[in-house]
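Engineer: Sharing a structure with you now.
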Amino acid sequence: MDPTQTGPIALAERRLHWLDARQRVLAQNMANLDTPGYRPSDLRPFAETLARTGSGLARTNAAHAGGGRASDVRADRQLVERTPDGNGVSLEDQALKVADTDTAHALALSLHRRFLTMFRTALGRTG
């Protein structure tokens with residue numbers, strides 16, 4: 001059995017792929033900050049993406065907290081204002097989303113590394 005194909009390691013890898021895709025979408029939004037009529041996009045939330053595919057870890061308790069593809073990209077519905085040229089990108093909102101994505105990426109990467117280290121330790125490998 002390959003531990004990287006199931007359970008928490010596979011989930012962390014899917015999360016990392018989703019975060020990578022989200023970072024690309026947010027970078028595209030920021031690159032189009034001055035494009036007239038541009039509407040920002042974002043990915044569907046990761047929990048929603050996971051639920052739609054029916055994969056990942058099973059939720060065994062309702063109190064527990066719940067990779068992005070092009071089909072997961074959607075218009076950002078939280079627009080509150082637009083510039084006179086119709087552009088709906090807010091640099092502050094995009095910067096906050098990029099920072100959140102970076103924090104989530106660091107967490108997912110740390111969890112991935114820790115689980116791999118745990119498996120290596122269990123197998124008697126230290127390198």
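Just so it is clear, none of the values below were taken in a lab; they were calculated from the coordinates. Note that the coordinates shown come from a computational prediction; the quantities given were computed from them, not determined experimentally. Cβ atoms come from the backbone with ideal geometry, glycine included; neighbour counts cover every protein chain shown.
Engineer: Using the per-residue mean of other Cβ atoms lying within 10 Å as a proxy for protection, in what order, highest first, do the peptides 98-109, 38-49 fall? Could you put the intermediate results ahead of the total?
Structural biologist: On the way: 98-109: 14.4, 38-49: 17.9.
Most protected by this proxy first, the peptides run 38-49, 98-109.
Engineer: Moving on to the next point. Which distance in nm do the two modelled labels at Ala122 and Arg82 give, with both placed 7 Å along the Cα-to-Cβ direction?
Structural biologist: Between Ala122 and Arg82, the label points sit 5.3 nm apart.
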